[in-house]
1. From the list Trp68, Trp82, exactly one residue is open to solvent by 50 Å² or more (accessible area, probe 1.4 Å) and either closer than 27 Å to Gly163 by Cβ or more than 16 Å from the chain's Cα centre (by Cα) (or both). Which is it?
2. If I filter region 119-153 down to residues being open to solvent by 40 Å² or more (accessible area, probe 1.4 Å), among the polar types (S, T, N, Q) and farther than 21 Å from Gly202 by Cβ, which single residue comes out as modelled with the highest pLDDT?
3. List the helices (runs of 4 or more DSSP H) that sit entirely inside region 61-160 and contain at least 2 residues that are polar (S, T, N, Q).
4. Residues in region 168-176: is at least one modelled with pLDDT of 85 or more, part of a helix (DSSP H, G or I) and surrounded by fewer than 18 Cβ atoms within 10 Å (Cβ to Cβ)?
5. If I go through region 18-37 residue by residue, how many of them are open to solvent by less than 80 Å² (accessible area, probe 1.4 Å) and assigned to a helix (DSSP H, G or I)?
6. Quick check on this structure: which one of Leu75, Leu51 is surrounded by 14 or more Cβ atoms within 10 Å (Cβ to Cβ), under 30 Å from Leu30 (Cβ atoms) and in contact with a helix residue (DSSP H, G or I) (Cβ under 7 Å, 6 or more places away or on another chain)?
7. Could you give every pair whose Cβ atoms fall below 9 Å, whose first residue belongs to region 100-114 and is more than 20 Å from Leu57 (Cα to Cα) and open to solvent by less than 40 Å² (accessible area, probe 1.4 Å), and whose second residue is of a type in the set (Ser, Thr, Tyr) and not in a helix (DSSP H, G or I), counting only separations of at least 6 or pairs across chains?
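The values are calculated or read from the model by the stated rules, or taken from the named source; none is laboratory data. Not measured: the values here are computed from a predicted model. We place every Cβ from the backbone using ideal geometry, glycine too, and count neighbours over all the protein chains shown. Protein only, heavy atoms only, side chains kept; ligands, DNA and RNA dropped before computing areas. Shrake-Rupley method; radii C 1.70, N 1.55, O 1.52, S 1.80 Å.
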Amino acid sequence: MPTLRQRLVFDAPTRLFHAAFALCFIGAYLSSEGERFIQVHAALGYSMVVLLVFRLLYGFFGPRPVRWSSLGNKLKNGWADWRSLRSAEEVLSPHRKVAQNFPLLLATTGLLLLAGPMLWSGHVVYVSSSELLEDLHELSANAMLLLVFSHLGLLLLISALRGSNLAWTIWRGRVAGPGPDLITHPRTGLAIALLLCASGFGLWAVL
């Protein structure tokens, strides 16, 4: 039986960013109550700063699928396809992948946008004191948590509609099917460097 071809669609730095950013946020959220784990909370937050800065820069020099121009085009096409929907049945159609991806892209974009004020306010509160920024930090963190659950729910729903595990695709970086690779180089070395920088800066910032 012939082996089904696997196309490379996500490089290692992109996959590491997704996993590390999610784990840092979950860990920081769980360690946010009380003073006992304040250093753990801060270290995870500072690690997220490195990850976010990397993602912002990678949107300019990274491979085409992760560039901001590509995201802009996907949002534009998704909105146009979403507006063309005439019934709920069309949303569930396997032929409306662009429309189905649109709310998923909105959730992902929202997470990146909210991360900035959340991390900035968290830094100010950690090094000094500001009741207003503490409220902003808590509000943005809760909003991000809501988007995380929305993101996961949409992943499960779309995976069920298409009969394929989208989360597994992101984790492995490959998808079965014909066509060219979207990524020419896995860039594993860059992913390792990102992991070391993020974890190292997080630890250094709280020592």
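1. Exactly one of Trp68, Trp82 is open to solvent by 50 Å² or more (accessible area, probe 1.4 Å) and either closer than 27 Å to Gly163 by Cβ or more than 16 Å from the chain's Cα centre (by Cα) (or both), namely Trp82.
2. Among them, the one singled out is Asn142.
3. Where helices (runs of 4 or more DSSP H) fall fully within region 61-160 and carry at least 2 residues being polar (S, T, N, Q), they are 68-83, 97-127.
4. Checked against the condition, which is being modelled with pLDDT of 85 or more, part of a helix (DSSP H, G or I) and surrounded by fewer than 18 Cβ atoms within 10 Å (Cβ to Cβ), region 168-176 yields no hits at all.
5. 10
6. Leu51
7. Sorted first by the residue in region 100-114, then by its partner, the pairs are Gln100/Ser93.
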